[in-house]
1. Kindly evaluate Leu80 against the criterion of being touching a residue at least 12 places away in the same chain (Cβ under 8 Å) and either among the acidic types (Asp, Glu) or surrounded by 12 or more Cβ atoms within 10 Å (Cβ to Cβ) (or both).
2. Between a first residue in the stretch 44-68 that is farther than 16 Å from Ala34 by Cα and touching a residue at least 24 places away in the same chain (Cβ under 8 Å) and a second residue that is of a type in the set (A, V, I, L, M) and assigned to a helix (DSSP H, G or I), which pairs have beta carbons less than 9 Å apart while being 6 or more apart in sequence or on different chains?
3. With the requirement that a residue be outside any helix (DSSP H, G or I) and either β-branched (Val, Ile, Thr) or more than 13 Å from Phe39 (Cβ to Cβ) (or both), what does the stretch 71-86 give you?
4. Determine, yes or no, whether Lys49 is at pLDDT 95 or above and part of a helix (DSSP H, G or I).
5. Looking at Ile5, Ile56, can you tell me which residue is loosely packed, with under 13 Cβ neighbours inside 10 Å and either among the β-branched types (Val, Ile, Thr) or touching a helix residue (DSSP H, G or I) at 6+ places or on another chain (Cβ under 9 Å) (or both)?
6. Please work out if Ser9 is part of a helix (DSSP H, G or I), of a type in the set (Ser, Thr, Tyr) and either at negative phi or within 13 Å of the chain's Cα centre (by Cα) (or both).
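The values are calculated or read from the model by the stated rules, or taken from the named source; none is laboratory data. Predicted model, so just to flag it, every value in this text is computed and none were measured. Reconstructed Cβ throughout: ideal geometry from the backbone, glycine too, with neighbour counts over all protein chains shown.
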Amino acid sequence: MSEAIVNSSGNVFIDLGYSAEEAAILQMRADLMADLRRFIKTKKLTQAKAAKRLGISQSRVSDLTRGKWEKFSLEMLITLATRAGMHITLKKAA
């Protein structure tokens with residue numbers, strides 16, 4: 001049995017069947033979570049130190065590092081990224 005190869009749309013969430021609106025938000029959330037996990041790893045922060053720096057509980061840092069994206073709104077991820085010193089901008093394409 002051979003599997004067909006399907007080209008990606010460039011957004012895995014669209015490929016999974018989400019609407020364009022949902023996919024855009026999910027992609028932004030996934031990207032911000034990845035950036036925050038990379039920040040914690042690069043700075044070699046313990047969960048306790050990351051929690052203090054981001055102004056959240058250690059259990060929330062655990063959720064973040066484990067990729068539990070359903071527990072974080074886009075707004076909260078933007079807030080955390082800003083607290084981490086990231087400059088967040090929203091760009092749109094026509």
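1. Numbers: touching a residue at least 12 places away in the same chain (Cβ under 8 Å): yes; either among the acidic types (Asp, Glu) or surrounded by 12 or more Cβ atoms within 10 Å (Cβ to Cβ) (or both): yes.
It is true that Leu80 is touching a residue at least 12 places away in the same chain (Cβ under 8 Å) and either among the acidic types (Asp, Glu) or surrounded by 12 or more Cβ atoms within 10 Å (Cβ to Cβ) (or both).
2. Qualifying pairs under 9 Å: Arg53/Ile40; Gly55/Leu80; Ile56/Ala50; Ile56/Leu64; Ile56/Met76; Ile56/Leu80.
3. Step one: of the stretch 71-86, the residues outside any helix (DSSP H, G or I) are 72-73, 84-86.
Correct list: Phe72, Ser73.
4. Working: at pLDDT 95 or above: yes; part of a helix (DSSP H, G or I): yes.
Against the criterion (at pLDDT 95 or above and part of a helix (DSSP H, G or I)), Lys49 qualifies.
5. Values: Ile56 fails: loosely packed, with under 13 Cβ neighbours inside 10 Å.
Being loosely packed, with under 13 Cβ neighbours inside 10 Å and either among the β-branched types (Val, Ile, Thr) or touching a helix residue (DSSP H, G or I) at 6+ places or on another chain (Cβ under 9 Å) (or both) holds for just one of Ile5, Ile56, which is Ile5.
6. Details: part of a helix (DSSP H, G or I): no; of a type in the set (Ser, Thr, Tyr): yes; either at negative phi or within 13 Å of the chain's Cα centre (by Cα) (or both): yes.
The answer is no for Ser9.
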